[in-house]
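All remarks here apply to the structure that follows.
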Amino acid sequence: MEFSHVPVLLDECLEALAIRPDGIYADGTVGGAGHSSHILQKLSPKGLLIGIDRDSDALEAANARLSGTREAMPEGERPEFRLVKSNYGDLPAVLSELGIARADGILLDLGVSSYQLDSAERGFSYMKDAPLDMRMDRDESRTAADLLNESSEAELARILRDYGEERFAGLIAKRIVLARQREPLKTTGELVRIIEQSIPAKYRNTGGHPAKRTFQAVRIALNHELTTLEECLPGIIGALAPGGRLAVITFHSLEDRIVKNAFRTAEDPCICPKDFPVCVCGRVSRGKVVTRKPILPSEEEMKQNPRSASAKLRVFERNGAGGEA
Ligand SMILES: C[S@@+](CC[C@H](N)C(=O)[O-])C[C@H]1O[C@@H](n2cnc3c(N)ncnc32)[C@H](O)[C@@H]1O
């Protein structure tokens, strides 16, 4: 299957990263290189692009796309790129393994790609009956089926509530546990039927597909999406060169809140009581939030690519002196 994914907020990201031709740029969620191929085009032979993804299929697609982009550039003007299978949470370690101290720009475009959603066998989609997989990294052993068959009812309810904001989390968790007592859950179709039976009829067709929130929640929990994001942002900001920028695209409020708070704390980490005349905690600002409000897709982009509708882009700029590491 061809890797189909339309990059979201592309022009806005390129502008936000303020790309310098000789700079080093890292894309922590390279996917099919939709954003990265445009970053590569802006680099000189002294520049470097590093693309990271947890998904080997994505890296294969990125390699084909970036090689094509590079070859289309005049000889003698071609920049280099490196692709690494890793978690973006390990981005600082990936850079240091490549002998790179800091990057001039870092992009994170969170969530799943359209390619992953459209590949039925990956089990991300409630529209296609397939094994309950949902692993972004297929070298990991634990699948969505394992999570759904092994977690306690209370844990399942918590996952659906916290990561899916599903108001019927308790009812769905109860039915999952009942169903798996007969036979372990195996397919996305079985999960969709359980969800449909759990949600009271009058709410079933409100707020999008009834399975949307549960599928999002299971995917987030299985792939540790929010914990990774929360834990790694300070380190990723630390991996920016002086004046370097981090651009993050989120697709739901849970992710956006984490990014907003991490950026705010990096800008103003002081924990002194408000009435202290001077700061005594010693925490130093690491830079500034470039986007007071998130950048949203235009009406035109939403029309062309409905998947962009929930996207929000936030940008942070490391201070000139580098600040705290
Ligand atoms: C929205 S897609 C990126 C699409 C890409 N910007 C493009 O335009 O082609 C998100 C990608 O991030 C990857 N991903 C998600 N979480 C990750 C993580 N923690 N570490 C590395 N890659 C991750 C997914 O496998 C997926 O390929």
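Overview of results
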{"read-out": "Helices (runs of 4 or more DSSP H) wholly inside the range 192-274 that include at least 3 residues being touching a Lys or Arg at 6+ places or on another chain (Cβ under 8 Å)", "value": "225-238, 253-267"}
{"read-out": "Number of positions in the range 63-80 that are more than 14 Å from P45 (Cβ to Cβ) and part of a loop (DSSP other than H, G, I, E, B)", "value": "1"}
{"read-out": "Every residue from the range 6-37 that is polar (S, T, N, Q) and part of a helix (DSSP H, G or I)", "value": "S36, S37"}
{"read-out": "Top-ranked residue in the range 143-152 [being polar (S, T, N, Q) and surrounded by 12 or more Cβ atoms within 10 Å (Cβ to Cβ); ranked as nearest to the ligand (Cβ to nearest atom)]", "value": "T143"}
{"read-out": "Single residue of E140, E121 found to be within 12 Å of the ligand (Cβ to nearest atom) and under 22 Å from the mean Cα position of the chain (by Cα)", "value": "E140"}
{"read-out": "Options L156, L132; residue that is at pLDDT 95 or above, within 24 Å of F251 (Cα to Cα) and within 22 Å of the chain's Cα centre (by Cα)", "value": "L132"}
{"read-out": "Criterion (outside the structural domain of P294 (by TED's automatic domain parsing), touching a residue at least 60 places away in the same chain (Cβ under 8 Å) and within 14 Å of the ligand (Cβ to nearest atom)) met by exactly one of H5, H35", "value": "H5"}
{"read-out": "Selection count, the range 91-116, where residues are buried (at least 18 other Cβ atoms within 10 Å of the Cβ) and either near the ligand (Cβ under 10 Å from one of its atoms) or part of a helix (DSSP H, G or I) (or both)", "value": "13"}
{"read-out": "Conditions (1) within 10 Å of the ligand (Cβ to nearest atom); (2) assigned by TED's automatic domain parsing to the domain that holds K288; (3) surrounded by fewer than 21 Cβ atoms within 10 Å (Cβ to Cβ); (4) farther than 23 Å from T291 by Cβ; number of the one not met by D53", "value": "(3)"}
{"read-out": "Matching option when the condition is surrounded by 15 or more Cβ atoms within 10 Å (Cβ to Cβ), within 16 Å of the ligand (Cβ to nearest atom), within 13 Å of E166 (Cβ to Cβ) and modelled with pLDDT of 95 or more, among I236, I249, I220, I195", "value": "I220"}
{"read-out": "Unmet requirement for T227, which otherwise passes all of (1) within 16 Å of the ligand (Cβ to nearest atom); (2) surrounded by 15 or more Cβ atoms within 10 Å (Cβ to Cβ)", "value": "(2)"}
{"read-out": "Close pairs from the range 106-118: first under 22 Å from K128 (Cα atoms), partner within 6 Å of the ligand (Cβ to nearest atom), Cβ under 6 Å, at least 6 apart", "value": "S113/H5; S113/G31; S114/H5; Y115/H5"}
{"read-out": "Test for L132: is it more than 9 Å from the ligand (Cβ to nearest atom), crowded, with 22+ Cβ neighbours inside 10 Å and outside the structural domain of L229 (by TED's automatic domain parsing)", "value": "yes"}
{"read-out": "Residue in the range 39-46 that is in a loop (DSSP other than H, G, I, E, B) and on the phi > 0 side of the Ramachandran plot present", "value": "no"}
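The values are calculated or read from the model by the stated rules, or taken from the named source; none is laboratory data. None of the values given here were measured: they were computed from a predicted structure. A quick note on method: Cβ atoms are made from the backbone with ideal geometry, for glycine too, and the neighbour counts reach across all protein chains shown.
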